[in-house]
Amino acid sequence: MYAQLVKSEGTKAREEMTPEEIAFQERIDRGEKIEPKEWMPEGYRKTLVRQIGQHAHSEIVGQLPEGNWITRAPTLERKAILLAKVQDEAGHGLYLYSAAETLGVSRDELMKLLHAGKMKYSSIFNYPTLTWADMGAVGWLVDGAAIMNQVPLQRTSYGPYSRAMIRICKEESFHQRQGYAVMMKLAQGTPAQKRMAQDALNRFWYPSLMMFGPSDKDSVHSAQSMAWKIKINTNDELRQKFVDQTVPQAEYLGLTVPDPDLKWNEEKGGYDFSEPDWSEFFDVIAGNGPCNKDRLGARVKAWEDGAWFRDGLMAHAEKAAARRAQAAE
Amino acid sequence: MPSLPDMTTPQVAELARQQAQAHPAHPTVPQPDEGQEALFETLLRIGDSALVLGHRVSEWCGHSPALEEDIALANVALDLIGQTQLWLGLAGEVEGQGRTADDLAYLRDAWDFRNLLICERPNGDFGHTLMRQFLFDAWHHEMLKGLAASSDPRLAEIAAKAGKEVAYHLERSSDLVVRLGDGTGESHRRMQQALDALWPYAGEMFLGDDKDAQMAARGIAPDPASLRAGWDATLRHVLTEATLQIPEGDFSHKGGRQGIHTEQLGYILAEMQFLQRAYPGASW
Amino acid sequence: MSKEWPLWEVFIRGQHGLNHRHVGSLHAPDAEMAIMNARDVYTRRNEGVSIWVVPSAQITASSPSDKGPLFEPSNAKVYRHPTFFDIPEEVGHM
């Protein structure tokens, strides 16, 4: 998802827990929210910083592949919609960084970790957006996959994270729909547009499935995160749900999901589908996706080029405060 | 059927002239109303400026120095794109050839664009973008105040709506110019450089031509020169507080409002119009 | 230098007559810019009529471990709630 392969800390059996840890776990089990200054196990805090930070980074790096097409959007209305959507992503990054900041890490620190390659963002944003249809595919598939994860995260145990997710889900409701609307236009358009739509689905299908992360049945990290309600569903559950939801939508568009083995399985009440190529996933995570260097490079450039601006405003604020203080004397 | 002039006579040109004088215009095609044409032109001038500047500002999305600025600047771009839809939509109506705002935005070539040159100047650094925005906003604000009092209610209505948005743009860009001018040594230097570089593109905002004169005479749009005093006052106030020096020179590049642009516009249009040009007639 | 812009808590009055509600946080060099940023960040969908900003560092919060002592006493004062009192139906709405 936007937070993939988040390593969680401090997995402990109940008999190894301190009384404080047991009390903490019981609060979570009762469905209570944990708030910023309350006691929490260090592992819970660290795992959350990692996960929320990764989620926030994904939002702002996620601005880039779509931002790429704002200046080439085909109509004034599409341009406005796309711009509003990419702007929302900046807002979502901002809300999430704020949530992470309640855990005692500053936004600038998180940014620096991202820029140094010490924190990750979702693998999906390392794929290029090559045609206008990719704006449709990203909205429909990528936002669709993200929503699948974010809706349950509204119930996550950490209060500020949960509240950020509630706000984000509310704002995001239009994102997936606008993507699907772009796809519908193309699918009903000229043969060239239809081909463009199919091509986008072909390229984004497996990377979208990868967004949920590798199967986590055996992952101890996932087990701990689920016990803490930082993670609500398993990767496989969400992936299955995504496929089941998306296949009929593709059929409605008259597009073909690029999986010859895709088949409805009556018994399980869901589709059987091919796994993505996980070696590709690990390559992308390791920095070798088609756009890793460009994406991170763009973020670093924005940060470095903007340093004088941030410093200038800070300096002015300090000068103005000093002048006010002097005037008051 | 009237007899054709004898093409073999040496006076063919003279005959043609006589013919033309006898039938000044085709009787079934309405004469282009000169006033309508000037109005169309006026709407393109304001609409194209919003379009091109909105395009430039949108280039920052995802690349600004801070998330808060990224979001704020996108709001400005969104406002300008929204205004473009209104101005060019009305332009298409006034023209009466069935062209929509999108047709006008995506299917004209550079020489048919009527935006101010300052709008197409490259973004440069963030300070350059903000200075360009400030110089434009200060003019835009005056212009929309004038248009809100237009004798044509269609223009007045759009201007009233846009005016509220632009009042905020101006508040924000003035504020940032002051803060950066009076920030660090580096921010001051960058803002002064931006002002110096953009200054020769400011004068065009106040140069009128006969179309402007027609519109002003009919109370439809303000005379560009009349906007100068208000703009000067805003500039003096803001730039003084920003500790920036108003450049001395009064040289001004011009031509944007008549369709003679810098090289930049061609690149903007190549990018902006790509899909409409590559897939003619497709619907998006 | 490169000092981080301080963090601000943003409160928005959604409609006339309602209380300001905490909506989130943001960074800004000072209060005036925090207000402007809040307008751009938190009212993109017409959510507000009035904005307050407070430096996050200036917020004093009750200690979570005091939750019992701070709030439980009022739980006992059930007579503060209107449903505590039985009013005969004949009396009518009260």
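Output the helices (runs of 4 or more DSSP H) that fall wholly within the range A:1-87 and possess 3 or more residues being under 25 Å from the mean Cα position of the chain (by Cα), or say none. Outline the logic, then answer.
On the way: elements: A:19-29, A:42-61, A:63-67.
Passing ranges, in order: A:42-61, A:63-67.
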### Task
Could you grab me the full set of residues in the range C:1-24 that are assigned to a loop (DSSP other than H, G, I, E, B), at the interface with chain A (Cβ under 10 Å from one of its Cβ atoms) and in contact with a Lys or Arg (Cβ under 9 Å, 6 or more places away or on another chain)?
C:S2, C:K3, C:E4, C:W5
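Within the range B:143-232, considering only helices (runs of 4 or more DSSP H) that don't extend past its boundaries, which have at least 2 residues that are within 13 Å of chain A (Cβ to nearest Cβ) and surrounded by 16 or more Cβ atoms within 10 Å (Cβ to Cβ)? Walk me through how you get there before you give the answer.
On the way: elements: B:153-181, B:185-198, B:210-217.
Because the criterion is at least 2 residues that are within 13 Å of chain A (Cβ to nearest Cβ) and surrounded by 16 or more Cβ atoms within 10 Å (Cβ to Cβ), the helices (runs of 4 or more DSSP H) in the range B:143-232 that meet it are B:153-181, B:185-198.
Taking the conditions exactly as written (buried (at least 24 other Cβ atoms within 10 Å of the Cβ), at pLDDT 95 or above, more than 14 Å from chain A (Cβ to nearest Cβ) and out of contact with any strand residue (DSSP E or B) (no Cβ under 9 Å at 6 or more places or on another chain)), does B:F126 satisfy them or not?
No.
Going by the conditions given, is A:K170 among the basic types (K, R), assigned to a helix (DSSP H, G or I), crowded, with 17+ Cβ neighbours inside 10 Å and within 14 Å of another protein chain (Cβ to nearest Cβ)? Spell out how you get there, then give the answer.
Details: among the basic types (K, R): yes; assigned to a helix (DSSP H, G or I): yes; crowded, with 17+ Cβ neighbours inside 10 Å: no; within 14 Å of another protein chain (Cβ to nearest Cβ): yes.
Criteria not met by A:K170.
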### Query
Using beta carbons and a limit of 7 Å, which pairs, at least six apart or on different chains, have the first residue in the range A:77-89 and closer than 12 Å to B:S58 by Cα and the second one among the aromatic types (F, W, Y) and not in a helix (DSSP H, G or I)?
A:L82/A:W69
### Task
Sort out which residues of the range B:57-68 are surrounded by fewer than 23 Cβ atoms within 10 Å (Cβ to Cβ) and assigned to a helix (DSSP H, G or I), and write them in order of number.
none
### Query
Across the range C:1-25, what is the number of residues that are free of Cβ contacts under 8 Å to residues at least 24 places away in the same chain and over 14 Å from the mean Cα position of the chain (by Cα)?
5
### Query
Mind checking which residues of the range B:152-169 are more than 17 Å from the chain's Cα centre (by Cα) and in contact (Cβ under 8 Å) with a residue 24 or more places away in the chain?
B:D152, B:R154, B:K161, B:A167
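Being in contact with a Gly (Cβ under 9 Å, 6 or more places away or on another chain), in a helix (DSSP H, G or I) and either away from chain C (no Cβ under 14 Å) or small (G, A, S) (or both) is the requirement here; does A:M119 meet it?
In short, no.
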### Task
Kindly provide the set of residues from the range B:39-77 that are touching a Cys at 6+ places or on another chain (Cβ under 6 Å) and more than 9 Å from chain A (Cβ to nearest Cβ), ordered by number.
B:S49, B:V52, B:L53
### Task
State whether the residues of the range A:212-226 include one that is β-branched (V, I, T) and surrounded by 17 or more Cβ atoms within 10 Å (Cβ to Cβ).
no
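Conditions tested, residue by residue: (1) more than 15 Å from A:M210 (Cβ to Cβ); (2) away from chain B (no Cβ under 14 Å); (3) touching a Ser or Thr at 6+ places or on another chain (Cβ under 7 Å).
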{"residue": "A:L255", "(1), (2), (3)": "yes, yes, no"}
{"residue": "A:F273", "(1), (2), (3)": "no, yes, no"}
{"residue": "A:R299", "(1), (2), (3)": "yes, no, no"}
{"residue": "A:W308", "(1), (2), (3)": "yes, no, yes"}
### Task
Consider A:Q150 carefully, then state whether it is away from chain B (no Cβ under 14 Å) and either within 17 Å of the chain's Cα centre (by Cα) or farther than 29 Å from C:T43 by Cβ (or both).
yes
### Query
Do we find a residue being assigned to a helix (DSSP H, G or I), aliphatic (A, V, I, L, M) and modelled with pLDDT under 95 anywhere in the range A:215-225?
yes
### Query
In the range A:63-111, how many are basic (K, R), facing chain B (nearest Cβ under 9 Å) and surrounded by 22 or more Cβ atoms within 10 Å (Cβ to Cβ)?
3
### Task
Only residues that are in contact (Cβ under 8 Å) with a residue 24 or more places away in the chain, over 22 Å from B:G181 (Cβ atoms) and of a type in the set (A, V, I, L, M, F, W, C): list them for the range B:118-148, please.
B:C119, B:M143, B:L147
### Query
Are any of the residues in the range C:25-47 more than 9 Å from chain A (Cβ to nearest Cβ), surrounded by fewer than 15 Cβ atoms within 10 Å (Cβ to Cβ), out of contact with any Phe, Trp or Tyr (no Cβ under 6 Å at 6 or more places or on another chain) and modelled with pLDDT under 85?
yes
### Message
Given the condition over 26 Å from A:Y121 (Cβ atoms) and touching a Pro at 6+ places or on another chain (Cβ under 6 Å), answer yes or no: does some residue in the range A:258-267 qualify?
### Response
no
### Candidates A:P128, A:P65, filtered to the one that is farther than 18 Å from A:F212 by Cβ and in contact with a Phe, Trp or Tyr (Cβ under 8 Å, 6 or more places away or on another chain)
A:P65
### Message
Yes or no: the range A:174-182 includes at least one residue that is of a type in the set (S, T, N, Q), touching a residue at least 60 places away in the same chain (Cβ under 8 Å) and within 13 Å of another protein chain (Cβ to nearest Cβ).
### Response
yes
## Note on the structure
Across (1) away from chain A (no Cβ under 12 Å); (2) surrounded by 16 or more Cβ atoms within 10 Å (Cβ to Cβ); (3) within 14 Å of the chain's Cα centre (by Cα), B:A105 clears everything bar (1)
#### Entry: Failed criterion for A:F24 (all others in (1) surrounded by 23 or more Cβ atoms within 10 Å (Cβ to Cβ); (2) without any contact (Cβ under 8 Å) to a residue 60 or more places away in the chain; (3) touching a strand residue (DSSP E or B) at 6+ places or on another chain (Cβ under 9 Å); (4) not β-branched (V, I, T) hold)
(1)
### Task
Please state which one of B:Q85, B:Q97 is over 21 Å from A:W308 (Cβ atoms) and within 9 Å of chain A (Cβ to nearest Cβ).
B:Q85
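The values are calculated or read from the model by the stated rules, or taken from the named source; none is laboratory data. Computed from a predicted structure; not experimentally measured. Don't worry about glycine lacking a Cβ; one is built from the backbone with ideal geometry, like all the others, and counts go over all protein chains shown.
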